[in-house]
1. Less than 10 Å Cβ to Cβ from L118, Lys/Arg counted +1 and Asp/Glu -1: what total charge do the surrounding residues give?
2. Between T53 and D105, what is the label-point separation in nm under the 7 Å Cα-to-beta-carbon projection?
3. Tell me the net charge near L65. Cut-off is 13 Å between Cβ atoms, L65 excluded, with +1 for each Lys or Arg and -1 for each Asp or Glu.
4. Between beta-carbons, use under 14 Å as the cut-off and find the net charge around P127, counting Lys and Arg +1, Asp and Glu -1.
5. What nm value, rounded to one decimal, do you get for the distance between R146 and H114 when each label is placed 7 Å out toward the C-beta?
6. Take H68 and A45, extend 7 Å from each Cα along the Cα→Cβ direction, and tell me the distance between the two endpoints in nm.
7. If r is the Cβ-Cβ distance from S91 to H176 and R0 is 41 Å, what FRET efficiency results, to the nearest 0.05?
8. Pick out, in residue order, every one of the trypsin sites (Lys or Arg not before Pro) in the range 45-116 that is DSSP loop and has at most 12 other C-beta atoms within 10 Å; say none if there are none.
Amino acid sequence: MTTAQSQAARTTALPASRPDGSPERAPQGQHPTPDWGINLRISAAGFAARRITHSADALTRARSLTRHTLNTWGLGAYSDDALIITGELISNAIRHALPQNPHNDRAWLGLINHPKHLLIAVTDPAPHPPGIASPALLAETGRGLRIVETLADSWGWTPPTRTGKTVWAVIRTWPHRPCPSV
C-alpha cells in the first residue's frame, strides 16, 4: 500500500453495508447504537464482540475470541493475519487509550463477517487518532500499525470524538483462501 493509499484508508469511515458505503449515523441528538451489528445490518451469525479491559489476560482473550470465531465461520485460513492484527489493535488500545481514560477503562473488539471480507474493529475511549510511529532501528515497540497496514487489505479509523474512535482493518476473504494443511 502506498503512502497515498494509506492516508486515504485512514480518512475513510468504518465500512458499512449502505449502498453508498457511508457509515450508519444516529439521528441528531441521539447517541449511536453501541451494537455494530445493528448499525451495519449484520446478523448475529456474522458478528462477534467482546469488551476489553485493562487486564493481564485481555490480549489472550481477544485472540481466543478471534481464533474461535474465525474457525466457527469457516475462515480459519485467515487466522494468522487476523490474530496479529487483533493483537496489534488491542495492544494499542490497552497501551495508549485505556490508561489515559480512567473514567472509561474499556474498549471493544468487534469481528464482522461480510460476504467478501472480514472486518476487525477496536473501539477505544481515546479522543485522538492513532499515530504511526517511526521507531528507531532497534526499538522494541512502535511498529504495530505498520504491521496492520502490511497484513490488511485496508485499514483506518473513524473520526475521533470526545468519546473515542474505532480503528479497523479489513481482510479480503473472497476468493476463499484454502486452509493450509498442518
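Laboratory data are not the source of any read-out in this text; all were calculated from the coordinates shown. What you see is a predicted model, and the numbers here were worked out from it, not measured in a lab. Don't worry about glycine lacking a Cβ; one is built from the backbone with ideal geometry, like all the others, and counts go over all protein chains shown.
1. 0
2. 0.8
3. +4
4. +1
5. 2.8
6. 2.0
7. Computed FRET efficiency for S91 and H176: 0.90.
8. Filter output for the range 45-116: K116.
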